[in-house]
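Worksheet: the structure to be examined is printed underneath.
The values are calculated or read from the model by the stated rules, or taken from the named source; none is laboratory data. Remember, it's a predicted structure, so these values are computed and weren't measured experimentally. Here the Cβ is made from the backbone with ideal geometry for all residues, glycine too, and neighbour counts use every protein chain on show.
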Amino acid sequence: MVPTLKFANGDQIPALGLGTWKSDPGEVGAAVKEALRLGYRHFDCAAVYGNEKEIGTALAEAIGSGAVKREELWITSKLWNNAHLKDDVLPALRQTLADLQLDYLDLYLMHWPIAQRPEVSFPEKAADFLSPDEAPLAETWAALEEAADAGLCHHIGVSNFSPRRLQQLLDTARRAPEVNQVESQPLLAQNDLLDLCRKHGVIFTAYSPLGSPDRPARLQRGNDPPLMKAPVIEAIGRKHGITPAQVLLAWAVCRGTVVIPKSVTPARLQENLAAASVELNTEDMAALSALDQDHRFLDGAFWGMDGSPYTMEYLWG
């Protein structure tokens, strides 16, 4: 049984879901169907992943066959950086809903605190960006609030927001962000951010909980520590009779966060889901917490090209 975290209105998000970043068209649909069969009810999507149409077909088939009811599912998607201008937000959301074959999302997130020109999918030069003055986060957020008012998404939040960026939004928002989805694993516990989220009732969601070893080569630096081979993690796994990956997922759930591992392999899907039921003790959690070294596997350096307004200082402080 997967634990849930509760929103202020009583809605509940499963603490473990299926991430779909890097799940290619041609394989993601089968992975979603298998995940549903195994008992997954939480699916984390994004327009930029390029696979929402196939996910939508799989969801529609499952709902249409009666295998699952729409209200039993939790579907998240994200607004890409090139739709931050206020008139572009609702069309982007409507496209995602059409691709996913849904009438509403359970959660819609601003994918990054970064704005690109509408015609730019991925920036290659500084001129491809819109500056924070040209596309203020507060205006993008106001459009997300309107989408929630219209019932197109039941909850709204952000992703890749540092404590400073999150506080900035909390200070000005009419509807406070309800989720912040960020990279987190024992080498990057993000305790300050987690404390801020808890203080304001923001649910903390961890992506790349296994260190994203299959991320594209352009996002790899070659000197990353081998997270899954850390002796502490292997030892805790042996003690509980579970894999290092399950240790990492259990750590995320046991600290009261949501976690969204990606897989398209049936055996791994089952293994990941089982991790939600693993209970780590205080000693285990303390040993894992001691690994924290503020190490990001995905540091966002790709946004910081020469002349970009989105430096590492802007992103993470």
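I'd like to check something: does the range 218-237 contain any residue that is among the polar types (S, T, N, Q) and either modelled with pLDDT of 95 or more or in contact with a Gly (Cβ under 9 Å, 6 or more places away or on another chain) (or both)? No, that holds for no residue. Go through the range 300-312 and count every residue that is closer than 14 Å to residue 132 by Cα and surrounded by fewer than 16 Cβ atoms within 10 Å (Cβ to Cβ). Within the range 300-312, residues that are closer than 14 Å to residue 132 by Cα and surrounded by fewer than 16 Cβ atoms within 10 Å (Cβ to Cβ) number 2. State all residues of the range 167-207 that are touching a strand residue (DSSP E or B) at 6+ places or on another chain (Cβ under 6 Å) and either part of a helix (DSSP H, G or I) or among the β-branched types (Val, Ile, Thr) (or both); if no residue qualifies, say none. Passing the criteria: 179, 194, 197, 202, 203, 205. Among the numbered conditions (1) touching a residue at least 24 places away in the same chain (Cβ under 8 Å); (2) part of a loop (DSSP other than H, G, I, E, B); (3) farther than 30 Å from residue 176 by Cβ, the only one that residue 223 does not meet is (1).
Taking the range 25-47 only, how many residues are surrounded by fewer than 18 Cβ atoms within 10 Å (Cβ to Cβ) and closer than 20 Å to residue 258 by Cβ?
Qualifying residue count for the region: 2.
Against the test of being touching a residue at least 12 places away in the same chain (Cβ under 8 Å), among the aliphatic types (A, V, I, L, M), more than 22 Å from residue 43 (Cβ to Cβ) and surrounded by fewer than 20 Cβ atoms within 10 Å (Cβ to Cβ), the options 142, 115 yield a single qualifying residue, 142. Being outside any helix (DSSP H, G or I) and at pLDDT below 95 is a property that residue 305 has.
Among strands (runs of 3 or more DSSP E) entirely within the range 1-109, having at least 2 residues that are of a type in the set (A, V, I, L, M, F, W, C) and modelled with pLDDT of 95 or more singles out 74-79. Taking the conditions exactly as written (surrounded by fewer than 22 Cβ atoms within 10 Å (Cβ to Cβ), more than 16 Å from the chain's Cα centre (by Cα) and under 25 Å from residue 98 (Cβ atoms)), does residue 176 satisfy them or not? Answer is no for this residue.
If you go through the range 54-79 and keep only what is touching a residue at least 40 places away in the same chain (Cβ under 8 Å) and surrounded by 15 or more Cβ atoms within 10 Å (Cβ to Cβ), you end up with 55, 56, 57, 59, 74, 76, 78, 79.
Residues that are in a loop (DSSP other than H, G, I, E, B) and among the small types (Gly, Ala, Ser) within the range 277-302 comprise 277, 290, 300, listed in sequence order. Mind listing whichever residues of the range 27-71 are touching a strand residue (DSSP E or B) at 6+ places or on another chain (Cβ under 6 Å) and farther than 17 Å from residue 97 by Cβ? Within the range 27-71, 35, 40, 41, 42 qualify.
A single member of 190, 185 is farther than 22 Å from residue 87 by Cα, without any contact (Cβ under 8 Å) to a residue 24 or more places away in the chain and under 18 Å from the mean Cα position of the chain (by Cα), and it is 190. Within the range 263-284, the residues that satisfy the criterion of being under 16 Å from residue 228 (Cα atoms), modelled with pLDDT of 95 or more and out of contact with any Pro (no Cβ under 7 Å at 6 or more places or on another chain) are 268, 271, 275, 284.
Just name the residue that is nearest to residue 190 (Cα to Cα) out of those in the range 256-276 that are small (Gly, Ala, Ser) and part of a loop (DSSP other than H, G, I, E, B). Restricting to residues being small (Gly, Ala, Ser) and part of a loop (DSSP other than H, G, I, E, B), the top hit is 256.
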